[in-house]
Amino acid sequence: MSSRIVKVELADRSYDVVVGMGAVSSLPKYLPKKAKRAVIITQQGIDNQVSDMVEAAGLQCETAYIGRGEEFKSLQTIQQLCESFAQWGITRNDLIIGVGGGMVTDVAGFAAASWHRGTDVIHVSTSLVGMVDAAIGGKTGVNLPAGKNLVGAFWQPKAVICDTAFLATLPSKELRCGHGEMAKYHFLTGDDLVSLDLDDRVARCAQIKADIVSSDEREGGLRALLNYGHTLGHAIEIETNFALAHGEAVAIGLIFASKLAHSLGRIPKERVDYHLRIVGETYGLQTAIPKSCSLDRLVTLMAKDKKAVDGLTFVLDGPQGVETVAGIQPQIVHQTLEAMEVL
């Protein structure tokens with residue numbers, strides 16, 4: 001089947017996002033000619049046909065496995081990877097390939113950005129959240145106890161491969177995670193994504209992200225809109241010790257953001273209802289705050305969000321569409337949280 005090609009336009013650092021069933025077969029054309037060795041960073045249990053393709057192309061190939069779970073998205077993992085690179089003799093001219101979901105590509109990208117101050121990286125995304133969001137755009141990073149993705153770098157890949165055949169074997173929780181990010185794109189553009197088949201919907205989400213990244217690579221303004229629903233989402237992830245997957249938490253964050261926007265008089269109730277239909281009905285995602293969460297703790301965590309340059313800061317819907325709004329009073333945030341459904 002034919003693949004869809006989405007271009008991330010960044011002058012001499014532009015690259016393709018290849019989307020479709022069987023898209024992984026396009027990987028050899030993106031392998032840099034200067035590379036003699038490649039390191040595949042992945043996790044146990046992921047179909048690793050990539051190593052065979054890389055070796056068939058004439059590169060010496062090593063595989064580094066990282067742990068599953070947010071506790072492995074850490075500086076310790078980056079150190080362990082870099083020590084392996086040194087042992088294998090990986091040079092700046094070689095290649096790192098991240099094969100896995102968003103966590104893997106985040107870690108692989110940061111390791112690539114750090115090794116010799118910048119080594120080429122290609123992402124082969126195997127999860128829905130990776131295909132529509134995490135693998136695209138060059139944001140890499142790891143977590144600290146104080147918050148998610150607080151340490152990282154901008155490091156654009158040479159290509160992103162999104163083979164939708166991988167989605168057939170994804171657990172339902174991983175699909176929900178991707179659906180949370182997919183839902184976000186409904187509110188950023190107003191596109192009728194529901195009418196598209198899976199490959200076209202993934203490609204359209206990738207295109208929306210690519211267009212935003214091309215306009216604002218380092219999140220100086222417009223790119224912050226991609227964090228719609230993420231401020232509360234990240235706080236819920238931390239407060240629940242990541243019992244909810246990223247996209248599941250973002251889904252709740254989208255509903256909260258719509259209700260906060262309504263509390264501030266930015267959108268009518270009908271727009272809130274639209275958020276509930278897309279998130280809760282179209283994608284079947286949870287829209288209530290987990291009952292184990294402390295509301296005070298959630299507000300404290302949200303105040304530490306990377307966007308919070310002037311008090312509590314959120315990406316909110318409004319008359320001109322979704323935009324960043326700073327300096328929101330904690331009392332209004334707390335009242336909106338208290339009015340949310342709890343489950």
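The values are calculated or read from the model by the stated rules, or taken from the named source; none is laboratory data. Every value quoted in this text rests on a predicted model; they were computed, and no experiment measured them. Ideal geometry is used to build each Cβ from the backbone, glycine not excepted, and the neighbour counts take in all protein chains shown.
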Within the range 220-238, track down each residue that is hydrophobic (A, V, I, L, M, F, W, C) and closer than 17 Å to residue 328 by Cβ. 224, 225, 232, 235
So is residue 304 of a type in the set (Lys, Arg) and in contact (Cβ under 8 Å) with a residue 60 or more places away in the chain or not? yes
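Considering only residues that are closer than 17 Å to residue 120 by Cα and touching a Ser or Thr at 6+ places or on another chain (Cβ under 9 Å), which ones fall in the range 4-16?
8, 10, 14, 16
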Here the residues within the range 320-339 that are assigned to a loop (DSSP other than H, G, I, E, B) and either among the hydroxyl-bearing types (Ser, Thr, Tyr) or surrounded by 18 or more Cβ atoms within 10 Å (Cβ to Cβ) (or both) are 322
Count of the range 88-101 residues which are part of a strand (DSSP E or B) and closer than 18 Å to residue 152 by Cβ: 3
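Looking at the range 163-185, which of the residues that are in a helix (DSSP H, G or I) and among the acidic types (Asp, Glu) is modelled with the highest pLDDT?
Initially, the range 163-185 is screened for residues in a helix (DSSP H, G or I), giving 164-169, 172-185.
So of that shortlist, the ones also among the acidic types (Asp, Glu) come out as 174, 181.
Numbers: 174: 91, 181: 95.
Across the range 163-185, the extreme among qualifying residues is 181.
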Residue that is nearest to residue 92 (Cα to Cα), among those in the range 32-46 that are in contact with a helix residue (DSSP H, G or I) (Cβ under 7 Å, 6 or more places away or on another chain) and touching a residue at least 60 places away in the same chain (Cβ under 8 Å): 41
Of these, 280, 327, which one is touching a Ser or Thr at 6+ places or on another chain (Cβ under 9 Å) and farther than 28 Å from residue 146 by Cβ? 280
Answer yes or no as to whether residue 160 is touching a Ser or Thr at 6+ places or on another chain (Cβ under 9 Å) and part of a strand (DSSP E or B). yes
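Yes/no per residue for (1) part of a helix (DSSP H, G or I); (2) of a type in the set (Ser, Thr, Tyr); (3) within 25 Å of residue 319 (Cα to Cα):
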site: 132; (1), (2), (3): yes, no, no
site: 150; (1), (2), (3): no, no, no
site: 187; (1), (2), (3): yes, no, yes
site: 207; (1), (2), (3): yes, no, yes
site: 217; (1), (2), (3): no, no, no
Only one of 118, 152 is surrounded by fewer than 16 Cβ atoms within 10 Å (Cβ to Cβ) and outside the structural domain of residue 233 (by TED's automatic domain parsing). Can you tell me which? 118
Only one of (1) modelled with pLDDT of 95 or more; (2) within 25 Å of residue 221 (Cα to Cα) does not apply to residue 302, and that is (1)
Is it true that some residue in the range 175-182 is surrounded by fewer than 20 Cβ atoms within 10 Å (Cβ to Cβ) and within 15 Å of the chain's Cα centre (by Cα)? yes
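Looking at this structure, is residue 109 buried (at least 24 other Cβ atoms within 10 Å of the Cβ) and in contact with a Pro (Cβ under 8 Å, 6 or more places away or on another chain)? Let's see the steps before the verdict.
Values: buried (at least 24 other Cβ atoms within 10 Å of the Cβ): yes; in contact with a Pro (Cβ under 8 Å, 6 or more places away or on another chain): yes.
It is true that residue 109 is buried (at least 24 other Cβ atoms within 10 Å of the Cβ) and in contact with a Pro (Cβ under 8 Å, 6 or more places away or on another chain).
Does the range 102-119 include one or more residues that are part of a strand (DSSP E or B) and in contact with a strand residue (DSSP E or B) (Cβ under 9 Å, 6 or more places away or on another chain)?
Within the range 102-119, the first condition is being part of a strand (DSSP E or B), and the residues that meet it are none.
Among the residues of the range 102-119, not one is part of a strand (DSSP E or B) and in contact with a strand residue (DSSP E or B) (Cβ under 9 Å, 6 or more places away or on another chain), which makes the answer no.
Does the range 131-141 contain any residue that is over 22 Å from residue 217 (Cα atoms) and more than 10 Å from the chain's Cα centre (by Cα)? I'd like the intermediate steps shown before the answer.
If we filter the range 131-141 for residues that are over 22 Å from residue 217 (Cα atoms), which is where we start, we get none.
No: zero hits.
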